[in-house]
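Notes to accompany the following structure.
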Amino acid sequence: MTQPAFGSYLSSLRESTPLIHCITNYVAMNSTANVLLAAGASPAMLHATQEVAEFTQLADALSVNIGTLSPPWVEAMQLATETAHNQGTPWVLDPVAVGATRYRQTVCADLLAHRPSVIRGNASEILALNGLAHQGRGVDSTAATEDALAAAMALAEQHGCVVAMTGEQDVITDGHQHYTINGGHPLMPRVTTLGCGLSALVAAFVAVTPGEPLLATSAAVACFALAGQRAGEAAAGPGSFYVAFLDTLYQLTPEDLSHFTQQEVTHAA
C-alpha cells in the first residue's frame, strides 16, 4: 500500500495553530506546553471545575492525562470529556499507569463512556485498558508492543476510536488496519513526560484534520519518532536530548515528515 504523505498534516497544524486544552499531570504541564509550541500548536492548561466545560467549548481539541489524579481533577476530566463528546470536539485519553490501581481503572472506565477520538498509551496500559490481566509497573511498559497488538485492535473496535500504542515500535490502529512506525531514540524513555507531550500533539493533529483520526494520529507519532531520531544523533545525554528534541521538532518541515520512510501500513486479517 502507498505510504501516506504525513507532511500535509504538519502543514495543516502550522497553518491553523489549533488551541489544545490539556488536563494533564503536574509533572507534564511545562514540557507538554513546550512540545505543542515547538510543533506549532497553542497549549492551554486548565483544570478548575468552574471553567473546564466552558473552555472545552472554545478549544479545537482536548487531551486528558490521568498521571496525577485527585478527586477535583477527576471531576474536571469528566466535565471536559462530556462536553467534548457533546460538542463533537476531538479528545485524546492518556491512561497513565491505568493497571496500577483500581481508582485509575474506575476513572478510565468512566472517561471511556465519553467516547475518546484516540487512546494513546504504552503496551501495558493498552492491555490493562482492554481488561486483560496485566499489571503495569508505574508509567513504564512491561509488555512487548507486539504482544498487545490484538488488545489494541480490540480496544479500538470496541470504543470506535483510534488506539496509538507507543514504545520501541509504535502501532496505530482503528481496529481494521494499523500503521507501524519505527524511529525515535533510546534516550526518549530517559526523559520524563515525553509520552504525555505526544498525547497532546496527537490531539493537535487530529484537531486540524477532521474525519481522519487514524492518519492524523499516525502523522503525529511519526513526527515524534523522526524528531527523536534526529535529536538523539546530537545529544550527549537526557538533558541535551530534551533541548535538541524541542529544537528538532520546531525545525521539522513537512517535507522531512513526508520523506520519513520508517513506517508501514497493514490491514487486519
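None of the figures in this text is laboratory data; all of them are computed from the coordinates on show. The shown structure was predicted, so the numbers you read here are calculated from the model rather than taken from an experiment. When we count neighbours, we look across all protein chains shown, and the Cβ atoms used for this are built from the backbone with ideal geometry, even at glycine.
Under 8 Å for C-alpha pairs, at least 6 residues apart: give me the relative contact order for the chain, rounded to a whole percent.
Contact order relative to length: 23 percent.
Run lengths n ≥ 4 of DSSP H only: what is the helix-derived mean residue ellipticity at 222 nm for the chain, with -39500 (n - 2.57) per run over all residues, to the nearest 500?
-15000 deg cm²/dmol
Counting other Cβ atoms within 10 Å of each Cβ, which chymotrypsin sites (Phe, Trp or Tyr not before Pro) in the stretch 12-106 have at most 12 and sit in a DSSP loop?
For chymotrypsin sites (Phe, Trp or Tyr not before Pro) across the stretch 12-106 that sit outside H, G, I, E and B with at most 12 neighbouring Cβ atoms in 10 Å, the list reads 26.
Which of the peptides 183-196, 37-50, 220-233 is most tightly packed, and how do the rest follow, going by the mean number of other Cβ atoms within 10 Å of each residue?
220-233, 183-196, 37-50
Between the alpha-carbon centers of the stretch 64-125 and the stretch 162-179, tell me the distance in whole angstrom.
Taking the Cα centre of each part, the stretch 64-125 and the stretch 162-179 sit 19 Å apart.
Would you list the membrane-span-like helices of the chain, meaning whole DSSP H runs whose alpha-carbon atoms span at least 30 Å along their axis and whose mean Kyte-Doolittle value is at least 0.0?
213-234
Quick check of the Kirkwood formula: for the stretch 7-267, what is the inverse mean of 1/r over all pairs of different Cα atoms, in Å?
Evaluated on the stretch 7-267, it is 17.7 Å.
For a quick check: with amide H placed at 1.01 Å from N, whose amide H comes under 5 Å from residue 69's, ignoring anything fewer than 5 positions away on the same chain?
Counting only residues 5 or more places away or on other chains, the set is empty.
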